1. With 170, 198, 260, 235 as the choices, which residue is within 27 Å of the chain's Cα centre (by Cα) and without any contact (Cβ under 8 Å) to a residue 24 or more places away in the chain?
2. Go through region 406-445 and give me each residue that's in a helix (DSSP H, G or I) and modelled with pLDDT of 95 or more.
3. Going through region 314-331 one residue at a time, which ones are more than 27 Å from residue 151 (Cα to Cα) and either at pLDDT 95 or above or not assigned by TED's automatic domain parsing to the domain that holds residue 147 (or both)?
4. Scan 142, 110 and give me the residue that is modelled with pLDDT of 95 or more, within 19 Å of residue 307 (Cα to Cα) and in contact with a helix residue (DSSP H, G or I) (Cβ under 9 Å, 6 or more places away or on another chain).
5. Keeping to region 381-404, report how many residues are without any contact (Cβ under 8 Å) to a residue 60 or more places away in the chain and over 11 Å from residue 369 (Cβ atoms).
6. Pick from 296, 311: which is buried (at least 24 other Cβ atoms within 10 Å of the Cβ), outside the structural domain of residue 65 (by TED's automatic domain parsing) and either at pLDDT below 95 or in contact with a strand residue (DSSP E or B) (Cβ under 7 Å, 6 or more places away or on another chain) (or both)?
7. Of the residues that sit in region 24-45 and are part of a strand (DSSP E or B) and out of contact with any helix residue (DSSP H, G or I) (no Cβ under 7 Å at 6 or more places or on another chain), which one is nearest to residue 279 (Cα to Cα)?
8. Within region 227-234, does at least one residue satisfy the condition of being at negative phi, modelled with pLDDT of 95 or more and in contact with a helix residue (DSSP H, G or I) (Cβ under 8 Å, 6 or more places away or on another chain)?
């Protein structure tokens, strides 16, 4: 099996993605450098995204452990600096009925309670650590794209409100148009709280500053290329240095280097998600679609699009795509996404696109996040698989890993009592893992057909 599922263009750690977030991250620098020496610490973290930096932050601040984070690119190089900036409830891709059948109502409620806590964790970190992350909006809007879709959405809102105890509200077509937005596809919608939008790269950079403040070391441009375990713990090699640690946290999500360790082989399904951002819209252009909300918004279909108005009145529009990750394929993917944007919002046909970029979301075979320890080696922890909902889910996962690793006797048991069953343990490997790109293409094809039929 190849170590890289996609074209090498997806793994150029020395080059930042030309995104709107990179262009607006500000001039404040981080005191981080490449690893050029041999270090020893309590915990080594592989990956400086939301999961890894949240784990480092909580391990240092709350448990006074010596932590060293190794990042292959710069802070925010991966999904944590490329996503749409939705801090929202989700994290899995199971239908309500499947979730209930697999886990039962009580466990499902526990999971959604943890999702609400995760959103508030991000908010609390932003406030406590004074992170300038441009928070806007107070809920996530789901837009039904057909009468049948509205009926399904109504049932989903009933389930969210009555069974899960979430703050969910149904919006008729007229209510959605009058108070939020209007475009030809919309047949009503819903709003789920708490949710807000943010500048994801500013948030991850702020989290890095907070981790450094509380004692963590962070090395950028320091890809782990070899991992040796022995009686003294773990030795992680980069090109110019090493880190020896008693514990390791693997926090690489969709960019996991599968050949680095056998237990990482074939357990993730990284899927390309692309985003475009327009020039600033005029008030007249916004009024053409009655756009009057800062809330992050998605289409409630199988192959969803996600979009939101940014603080400078630019419009962000994203979606999933089938691609091999090459430069040529990326251009084709952007073309399809821009065509979809103009289809959804026909009054904005002539609006220029100023930014376009892509990255990877991470799915698992069981379609839920994964938090746990390596089989046979309880000194190695992991968190991954956020299904396009990583801002809060990954940040919360890092916190849970830190708590588990540092909580004395509880660190030696199979599963902490406070960790929801939905997220526990290593998912099964994908069968014929080398064919995962074909799985994605087939899945996108099926979802497209289902959406057209509905």
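The values are calculated or read from the model by the stated rules, or taken from the named source; none is laboratory data. Quick caveat: nothing in here was measured; it's all calculated off a predicted structure. Neighbour counts are summed over all protein chains in view; Cβ atoms, including those assigned to glycine, are modelled from backbone coordinates with ideal geometry.
1. Every option except 170 fails the conditions.
2. Restricting attention to region 406-445, the residues satisfying the condition of being in a helix (DSSP H, G or I) are 406, 408-412, 421-423, 433-445.
Residues satisfying the conditions are 421, 422, 423.
3. Matches in region 314-331: 314, 315, 316.
4. Of the residues listed, the single one that is modelled with pLDDT of 95 or more, within 19 Å of residue 307 (Cα to Cα) and in contact with a helix residue (DSSP H, G or I) (Cβ under 9 Å, 6 or more places away or on another chain) is 142.
5. Going through region 381-404, the residues without any contact (Cβ under 8 Å) to a residue 60 or more places away in the chain turn out to be 400, 404.
Right, trim to over 11 Å from residue 369 (Cβ atoms) and you get 404.
Residues that pass the stated criteria total 1.
6. The match here is 296.
7. 33
8. Within region 227-234, the subset at negative phi is 227-232, 234.
Adding the requirement that they be modelled with pLDDT of 95 or more leaves 227-229, 234.
This time we only want the ones that are in contact with a helix residue (DSSP H, G or I) (Cβ under 8 Å, 6 or more places away or on another chain), so: 227.
Checking region 227-234: at least one residue is at negative phi, modelled with pLDDT of 95 or more and in contact with a helix residue (DSSP H, G or I) (Cβ under 8 Å, 6 or more places away or on another chain).
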